[in-house]
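Colleague: Quick one: the structure is below, and I'll ask about it shortly.
The values are calculated or read from the model by the stated rules, or taken from the named source; none is laboratory data. Predicted model only: the values in this text are computed from it and were never measured. We place every Cβ from the backbone using ideal geometry, glycine too, and count neighbours over all the protein chains shown.
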Amino acid sequence: MPPLLEVDELTVGFATEAGTLVAVDRVSFALDAGETLGLVGESGCGKSAICLAALGLLPPNGRILGGRVLLDGRDLVAMPEADLDKVRGGTAAMIFQDPLTSLNPVHSLGWQIGEALRLHRGLAGAAADAEAVRLLDRVGITDPKRRLREYPHQLSGGMNQRAMIAMALACKPRLLVADEPTTALDVIIQAQIIDLLVEIQREEGLALLLVTHDLGVVAEMADRVAVMYAGRMIETATSADLFGRHRHPYTSGLLASLPRVDQRVKRLAPIDGTVPWLGDLPSGCTFRPRCPRVLASCAEIVPVLAPEAASHRIACHNPVPA
Amino acid sequence: MNLRFVATRFGRAVLTMLLVVGFIFVILRVAGDPAQVMAGDDAPPEMIERYRAALGLDRSLPEQFVRYTAALATGDLGRSFKDNRAALDVVIERLPITLYLGFVALAISLGIGIPLGIFAALKRGTAIDRFAMTFAVLGYSLPNFFLGVLLILLFSLHLRWLPSSGSETVWHLIMPAMTLGTAHAGGIARFTRSAMLEVLNRNFMRTAKAKGVPRQRRLYRHAFPNAAIPVVTHLGFRLGHLVAGAIIVETVFAWPGVGRLMISAVAARDLAVVQALVLMTAFAMICANLAVDLAYGWIDPRIRVAGERREA
């Protein structure tokens, strides 16, 4: 069976005053129903751009320069806007980083959830209200009947994110794209939202594409992890393999820089140097200037994502020994 | 909308009106002797004294203020110096014709301004946007007397299609309403455009798209209600100004409204009528502001339900 979501050589550029910057460079991955893929990397590595591009949500200066995004075998990149409107919020739903600004301030929660129900499922009036109440209850919002008439500014960040999730679930999607869903929330609320997402993903059998820079969240939720650096995917593996047997020097650096509760560490180990600017990427491997294992060939040949084991692929000429 | 919200706004409006009344009272007595002004510069002293007694100016200031406010409350704004009619009546008989022109002009300015602003925002940075904004700047920077005279030259003198002055028929309305309407359309277009641009980039617009809301609906049901908030503010001031009349346009087209009354009353030093006009304009502005405040509450739930408890 083909995967539910297949991203194939996706390339995304942003028009800026300095010319077109390539934010996502020929990225490919697949996602099966019921599976969670964590997309990790530092800010600006292109992980959010992949999600936005996949659903046709790029800002006006963003453009897909190449590649395909197949959902259920249909290419979303080539799809007309009117058909995309049926897919978005239907088969594929998305939740965002900042729930308060992501909800419309002048409409009640009931109105906003009801709109999705009407557009995709043809529900209206009392039937839509009843379904909205069920959805709010489903995501753990207490007193859902009353909340229906409330506005985003009356609710806390965690409540709003739950409402966003309810809205995303409204039309029984098969793919949920979550772009940093917990980043703007308090730590305790983060944990609650993660638990909720895990529970819903299991019960509904959703494919979940989870974008985050929080490796802790990934460890908790993802079946597989893909690590991005400066627009390229540099390592992908199952969660267990990535945390236990990572091979790419950048992934090792990322994991080494994490604080741990089970060890006394005097100082965290940051990765030397800074993320390169997309307008001035180094030749060959883009991680080369910061890499402790750099070879002469790294400057000349761009490493491609090559299979290391059945489900473990890395893009590196001199990987960390297994 | 809750009662407390309406009551607070209403109380504020009443307080503002009282301040205005007090202000006018003080100004009238600071700016010179009203009796002297009314009697004229070369009036004999005993005539001025008679005026003072008739106007109650010989009493103490607090007593004057109480009598003044009490008279205002009963609608007595003094008598016109010109024909001895009640000043309020003189003003009110001019009001319908001014409001007629004002509301038609407002409808024109909204009908042009809002679609133009939305359109320019959607076509931001294109030739269409630049053309629309050039029109807008032209609209509000072209002086009314200039555009008015141009229209008269073209449609009255050259083409002989429209009457140049008066208010008898609908044909008389066209040119003054267009002059006034296009002037305000420019401002409304610019307000609408900037408000729309601000809203279009907000996160909830992306959410609406991610939800599968079609483009037209995203614009009219998601973006516009948010963009309307600053536009309504702007509109409130326009509404207040309507009552004051369009002094220039009314003069150019000999439109017998409040604006022209203001000119003639000031020229004739008809103090009671000027005072009635100022009070009525202030009253209209305060009512317009109150209407805007209430409309805000209706459009923006963040204002309407402010003060209600916020859930953690």
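Colleague: Let me spell it out: the conditions are (1) acidic (Asp, Glu); (2) surrounded by 13 or more Cβ atoms within 10 Å (Cβ to Cβ); (3) not in a helix (DSSP H, G or I), and B:Asp89 meets all of them except one. Which number is the exception?
Modeller: Result: B:Asp89 fails condition (3) only.
Colleague: Condition check: out of contact with any Lys or Arg (no Cβ under 7 Å at 6 or more places or on another chain), crowded, with 18+ Cβ neighbours inside 10 Å, closer than 27 Å to A:Glu35 by Cα and in contact (Cβ under 8 Å) with a residue 12 or more places away in the chain. Does A:Val87 satisfy that? Even if it seems obvious, please write down each step before you answer.
Modeller: Numbers: out of contact with any Lys or Arg (no Cβ under 7 Å at 6 or more places or on another chain): yes; crowded, with 18+ Cβ neighbours inside 10 Å: yes; closer than 27 Å to A:Glu35 by Cα: yes; in contact (Cβ under 8 Å) with a residue 12 or more places away in the chain: yes.
Spelling it out, A:Val87 is indeed out of contact with any Lys or Arg (no Cβ under 7 Å at 6 or more places or on another chain), crowded, with 18+ Cβ neighbours inside 10 Å, closer than 27 Å to A:Glu35 by Cα and in contact (Cβ under 8 Å) with a residue 12 or more places away in the chain.
Colleague: Need at least 3 residues that are more than 20 Å from B:Leu242 (Cα to Cα), within 14 Å of another protein chain (Cβ to nearest Cβ) and at pLDDT 90 or above per element, so show me which helices (runs of 4 or more DSSP H) inside region B:117-209 make the cut, counting only ones lying wholly within it.
Modeller: Numbers: elements: B:127-141, B:144-151, B:170-200.
In region B:117-209, the matching helices (runs of 4 or more DSSP H) lie at B:170-200.
Colleague: Being more than 14 Å from every other protein chain (Cβ to nearest Cβ), over 22 Å from B:Asp83 (Cα atoms) and at pLDDT 85 or above narrows it down to one of B:Ala284, B:Ala276, B:Ala223, so name that one.
Modeller: Numbers: B:Ala276 fails: over 22 Å from B:Asp83 (Cα atoms); B:Ala223 fails: more than 14 Å from every other protein chain (Cβ to nearest Cβ).
None of the other options fit; the residue is B:Ala284.
Colleague: Among (1) of a type outside the set (Ser, Thr, Tyr); (2) surrounded by fewer than 22 Cβ atoms within 10 Å (Cβ to Cβ); (3) away from every other protein chain (no Cβ under 14 Å); (4) on the phi < 0 side of the Ramachandran plot, where does B:Ala246 come up short?
Modeller: Condition not satisfied by B:Ala246: (2).
Colleague: Let me ask another. Please find, among B:Trp161, B:Trp171, the residue that is surrounded by fewer than 21 Cβ atoms within 10 Å (Cβ to Cβ), in the same structural domain as B:Leu142 (by TED's automatic domain parsing) and in contact with a Leu (Cβ under 8 Å, 6 or more places away or on another chain).
Modeller: Details: B:Trp161 fails: in contact with a Leu (Cβ under 8 Å, 6 or more places away or on another chain).
Matching residue, one of B:Trp161, B:Trp171: B:Trp171.
Colleague: Something else now. On the given criteria, is A:Arg74 basic (Lys, Arg) and facing another protein chain (nearest Cβ under 10 Å)? Even if it seems obvious, please write down each step before you answer.
Modeller: Details: basic (Lys, Arg): yes; facing another protein chain (nearest Cβ under 10 Å): no.
Here the answer is no, as A:Arg74 does not meet what is asked.
Colleague: Moving on to the next point. Here is a check on your reading of the model: is B:Gly11 under 30 Å from B:Leu235 (Cβ atoms), outside the structural domain of B:Gly236 (by TED's automatic domain parsing) and assigned to a helix (DSSP H, G or I)? Spell out how you get there, then give the answer.
Modeller: Values: under 30 Å from B:Leu235 (Cβ atoms): yes; outside the structural domain of B:Gly236 (by TED's automatic domain parsing): yes; assigned to a helix (DSSP H, G or I): yes.
So B:Gly11 fits the description; yes.
Colleague: Same structure again: Does A:Asp83 satisfy being charged (D, E, K, R) and within 14 Å of chain B (Cβ to nearest Cβ)? Step through it out loud before you land on a result.
Modeller: Values: charged (D, E, K, R): yes; within 14 Å of chain B (Cβ to nearest Cβ): yes.
It is true that A:Asp83 is charged (D, E, K, R) and within 14 Å of chain B (Cβ to nearest Cβ).
Colleague: Something else about it: All but one of (1) over 30 Å from A:Tyr151 (Cβ atoms); (2) modelled with pLDDT of 75 or more hold for B:Arg9; which doesn't?
Modeller: The number of the failed condition is (1).
Colleague: If you don't mind, another one. Given A:Leu58, A:Leu37, A:Leu10, A:Leu21, which one is out of contact with any Pro (no Cβ under 6 Å at 6 or more places or on another chain) and either of a type in the set (Lys, Arg) or under 18 Å from A:Arg174 (Cβ atoms) (or both)?
Modeller: Numbers: A:Leu58 fails: either of a type in the set (Lys, Arg) or under 18 Å from A:Arg174 (Cβ atoms) (or both); A:Leu10 fails: either of a type in the set (Lys, Arg) or under 18 Å from A:Arg174 (Cβ atoms) (or both); A:Leu21 fails: either of a type in the set (Lys, Arg) or under 18 Å from A:Arg174 (Cβ atoms) (or both).
Residue meeting the stated conditions: A:Leu37.
Colleague: In addition: So is A:Met233 away from every other protein chain (no Cβ under 14 Å) and in contact with a Gly (Cβ under 8 Å, 6 or more places away or on another chain) or not?
Modeller: no
Condition check ((1) of a type in the set (A, V, I, L, M); (2) in contact with a strand residue (DSSP E or B) (Cβ under 7 Å, 6 or more places away or on another chain); (3) more than 14 Å from B:Val249 (Cβ to Cβ)) across all residues:
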{"position": "B:Arg85", "(1), (2), (3)": "no, yes, yes"}
{"position": "B:Val91", "(1), (2), (3)": "yes, no, yes"}
{"position": "B:Ser109", "(1), (2), (3)": "no, no, no"}
{"position": "B:Ile112", "(1), (2), (3)": "yes, no, yes"}
{"position": "B:Ile118", "(1), (2), (3)": "yes, no, yes"}
{"position": "B:Lys123", "(1), (2), (3)": "no, no, yes"}
{"position": "B:Ile128", "(1), (2), (3)": "yes, no, yes"}
{"position": "B:Met133", "(1), (2), (3)": "yes, no, yes"}
{"position": "B:Leu138", "(1), (2), (3)": "yes, no, yes"}
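Colleague: Select from region B:210-220 the residues that are at the interface with chain A (Cβ under 9 Å from one of its Cβ atoms) and either at negative phi or assigned to a helix (DSSP H, G or I) (or both) and list them in ascending order.
Modeller: Initially, region B:210-220 is screened for residues at the interface with chain A (Cβ under 9 Å from one of its Cβ atoms), giving B:210-215, B:217.
B:Ala210, B:Lys211, B:Val213, B:Pro214, B:Arg215, B:Arg217 - these are the residues of region B:210-220 that are at the interface with chain A (Cβ under 9 Å from one of its Cβ atoms) and either at negative phi or assigned to a helix (DSSP H, G or I) (or both).
Colleague: Can you tell me how many residues within region B:253-279 are surrounded by fewer than 19 Cβ atoms within 10 Å (Cβ to Cβ) and of a type outside the set (Val, Ile, Thr)?
Modeller: Matching residues across region B:253-279 total 6.
So that you can scan it fast, the table gives a plain yes or no per residue for (1) surrounded by fewer than 15 Cβ atoms within 10 Å (Cβ to Cβ); (2) not in a helix (DSSP H, G or I):
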site	(1), (2)
A:Met1	yes, yes
A:Asp8	no, yes
A:Ile50	no, no
A:Pro59	yes, yes
A:Ile64	no, yes
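Colleague: Continuing with this model, one more query. With the requirement that a residue be within 18 Å of B:Phe25 (Cβ to Cβ) and aromatic (Phe, Trp, Tyr), what does region B:63-98 give you?
Modeller: First, the residues of region B:63-98 that are within 18 Å of B:Phe25 (Cβ to Cβ): B:63-79, B:87-88.
Scanning region B:63-98 gives B:Phe65, B:Tyr68.
Colleague: Would you mind finding the one in A:Val77, A:Val87 that is more than 23 Å from A:Phe14 (Cβ to Cβ), touching a Gly at 6+ places or on another chain (Cβ under 9 Å) and of a type in the set (Val, Ile, Thr)? Outline the logic, then answer.
Modeller: Numbers: A:Val77 fails: more than 23 Å from A:Phe14 (Cβ to Cβ).
After applying the criteria, what remains is A:Val87.
Colleague: Considering region A:122-153 alone, what residues qualify as being under 16 Å from A:Pro99 (Cα atoms), free of Cβ contacts under 8 Å to residues at least 40 places away in the same chain and touching a Pro at 6+ places or on another chain (Cβ under 8 Å)?
Modeller: The one that is under 16 Å from A:Pro99 (Cα atoms), free of Cβ contacts under 8 Å to residues at least 40 places away in the same chain and touching a Pro at 6+ places or on another chain (Cβ under 8 Å): A:Leu136.
Colleague: For a quick check of your reading: which helices (runs of 4 or more DSSP H) sit entirely within region A:98-201 and have at least 1 residues that are more than 10 Å from chain B (Cβ to nearest Cβ)? Talk me through it step by step, then tell me what you get.
Modeller: Details: elements: A:99-102, A:109-121, A:125-138, A:144-147, A:157-169.
Counting at least 1 such residues, we get A:109-121, A:125-138, A:144-147, A:157-169.
Colleague: Here are some conditions: (1) surrounded by fewer than 17 Cβ atoms within 10 Å (Cβ to Cβ); (2) free of Cβ contacts under 8 Å to residues at least 60 places away in the same chain; (3) in contact with a helix residue (DSSP H, G or I) (Cβ under 7 Å, 6 or more places away or on another chain). A:Cys291 meets all but one. Which one does it not meet?
Modeller: All conditions are met except number (1).
Colleague: Being touching a residue at least 40 places away in the same chain (Cβ under 8 Å) and assigned to a loop (DSSP other than H, G, I, E, B) narrows it down to one residue among A:Leu258, A:Leu268, A:Leu210; which is it?
Modeller: Values: A:Leu268 fails: touching a residue at least 40 places away in the same chain (Cβ under 8 Å); A:Leu210 fails: assigned to a loop (DSSP other than H, G, I, E, B).
Exactly one residue qualifies, and that residue is A:Leu258.
Colleague: Among (1) modelled with pLDDT of 95 or more; (2) buried (at least 23 other Cβ atoms within 10 Å of the Cβ), there is one condition A:Phe96 misses while meeting the rest; what is its number?
Modeller: Answer for A:Phe96: the failing condition is (1).
Colleague: Something else: Might you let me know whether region A:131-144 holds any residue that is within 28 Å of A:Leu258 (Cβ to Cβ) and surrounded by fewer than 18 Cβ atoms within 10 Å (Cβ to Cβ)? Write out each step before concluding.
Modeller: Residues of region A:131-144 that are within 28 Å of A:Leu258 (Cβ to Cβ), as a first pass: none.
Scanning region A:131-144 turns up no residue that is within 28 Å of A:Leu258 (Cβ to Cβ) and surrounded by fewer than 18 Cβ atoms within 10 Å (Cβ to Cβ).
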